[in-house]
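The structure appears right after this line, and notes come after that.
Laboratory data are not the source of any read-out in this text; all were calculated from the coordinates shown. Treat the numbers as computed from the prediction; the structure is a model and nothing was measured. Neighbour counts are summed over all protein chains in view; Cβ atoms, including those assigned to glycine, are modelled from backbone coordinates with ideal geometry.
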Amino acid sequence: MTDLITSPNIASADDFYADLLALHDGQSKEQSDAINARLILLLANHIGDRDILSKAMIEAAII
């Protein structure tokens, strides 16, 4: 089992954040929520480790 990485771990994190914000430009709240849901599901599928996903959900709920 792998531990959930919670320390900064994204190359060019500021660029990624800017891309994430741009993804939502011009979208309605409903469209933005749907984009977020699809992105979460795509990334969860990529990770594929149910234990890590459970840890991430717990971590996200307390932040």
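Mean residue ellipticity at 222 nm, helices only, the chain: -23000 deg cm²/dmol; runs of at least 4 DSSP H residues each add -39,500 (n - 2.57), and the sum is divided by the number of residues. Across the options Ile35, Ala11, Leu21, the greatest Cα extent toward the positive end of the charge dipole of the chain (unit charges at beta carbon of Lys, Arg, Asp, Glu) belongs to Ile35. Which percent of Cα-Cα pairs in the chain sits in each 10 Å bin, short to long? Bins of 10 Å from zero give 18, 43, 36, 4, 0 percent of pairs.
Expressed as an acute angle from 0 to 90° and rounded to the nearest 10, what is the orientation of the C-alpha long axis of helix 13-24 relative to the principal long axis of the chain? With rounding to tens, the tilt is 50 degrees.
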